[in-house]
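The values are calculated or read from the model by the stated rules, or taken from the named source; none is laboratory data. Since we're looking at a predicted model, the values are computed, not measured. Cβ: placed from backbone, ideal geometry, glycine included. Neighbour counts: every protein chain shown. These area figures cover heavy atoms from the full protein model, side chains too; ligands, DNA and RNA do not enter into them. Shrake-Rupley method; radii C 1.70, N 1.55, O 1.52, S 1.80 Å.
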Amino acid sequence: MPIRKVYSKMLKSDSMMKDEFLRHFIPRTKWLSPQAVHHMLDRYPTVFIKPDKGSRGRGIIRVELRQDGVYEVCHESTCKQVNKESLMDEITDMIRPSRSYNIQQGIDLADYKGRPFDIRVFMQKPKNDWQISGKVIRVAARGQFLTNYHKGGKAATLERVFSRVLGDKDEVLQTQQAIDQISYATAKVLDARFPGIRQLGLDIALDKADRLWILEVNTSPAYYTFRKLRDKSMYREIRKNRRYIKKVYGGR
């Protein structure tokens, strides 16, 4: 079977929401509409608006309700402050009419040295079984709210970041084990729903209460961040498996 790619974020999210275990790790997500914007902001102080089919952090908008009742709308490196009445007009100016968008519950990411971070888990299925080929921390660049490599995100090891953020060795171990459990459960669910997928990039967040969330899953994941680690073993493993997948299944 040729390699399969699934681009719709909502399609993947809906599939994972049907799983009793995974649904506890999925942020609330809706199709973008004026009603959805106001409904979500009534429940969450921060939301993210994302193209349903997109990658590398392109086109993502952050909307945050400030304490003074004004909304801060950030897109790329520009932030504007607007009132509730003009909020939807501002969002409409930032999105492309030809594309579909989701609105997602904002997660209060834990930070490392004052910068938010998330975890990229790179999974591959070169033969019959899924494996975790690499895990890396992506730390946002100064002044950025996105951790993507193409937005200036920096690479760090889980051991370094978790030892500082979580401290306790048992908690570090438990969090790493939980990340693995979530990753394999995600691969199992999506593989059953979309036969033919061979690679997954999971973006997993740790919030300030030490709770894990699945922010996004990509079936054509980038692996540039792994190249920035001093230890290149995960980068080499990913490339080796990618070459095998391309040779056998015609993947990229």
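Quick rundown of the values:
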item	result
The range 128-252 - charge dipole about Cα centre, Lys and Arg +1 at Cβ, Asp and Glu -1, debye rounded to 20	940 debye
Sequence-separation-based contact order of the chain, relative, with Cα cut under 8 Å and 6+ spacing, percent	23 percent
Carbon/sulfur fraction of accessible area - the range 66-185, other protein chains in place, 1.4 Å, %	41 percent
Equivalent ellipsoid, the range 180-225 (semi-axes from 5 times Cα gyration tensor eigenvalues, Å)	21, 14, 7
Loop sites in the range 126-178: trypsin sites (Lys or Arg not before Pro), DSSP, at most 13 other Cβ within 10 Å	Lys127, Arg142
Contact order normalised by residue count of the range 49-139, Cα under 8 Å, 6+ apart, percent	20 percent
Cα convex hull of the range 88-129 - mean projected area over all directions, nm²	6.6 nm²
Relative contact order of the range 123-170, pairs being alpha-carbon contacts under 8 Å that are 6 or more residues apart, as %	26 percent
Compactness of the chain - radius of gyration and Dmax, Cα, Å	18.2, 57
Quotient of C-alpha Rg and 2.2 N^0.38 Å, computed over the range 203-252	1.46
Most mobile listed residue (Glu237, Glu85, Glu76) in the chain, GNM with C-alpha springs under 10 Å	Glu85
Stokes-Einstein D (µm²/s) once Rh is taken as the Kirkwood radius of the range 45-90 over alpha-carbon pairs, at 20 °C in 1.002 mPa s	192 µm²/s
Accessible area in square angstrom per residue, the chain, 1.4 angstrom probe	52 Å²
log10 of Debye I(q)/I(0), alpha-carbon scatterers only, for the range 1-78 at 0.17 Å⁻¹	-0.81
Shape category assigned to the range 86-187 from the gyration tensor of Cα positions, a/c cut at 1.5	oblate
Dipole magnitude (debye, nearest 20) for the range 59-111, charges at Cβ of Lys, Arg, Asp, Glu	220 debye
Euclidean distance of C-alpha centroids, the range 198-239 and the range 65-142, integer Å	15 Å
Per-bin percent of Cα-Cα distances, the range 1-145 [5 Å]	2, 8, 15, 19, 21, 15, 10, 6, 3, 1, 0, 0
Reachable lysines, given that their alpha-carbon falls under 16 Å from the alpha-carbon of Lys247 and they are not under 8 places away in the same chain	Lys125, Lys127
Cross-link pairs Lys50/Lys169; Lys135/Lys246; Lys9/Lys208 - those with Cα-Cα distance over 30 Å	Lys50/Lys169
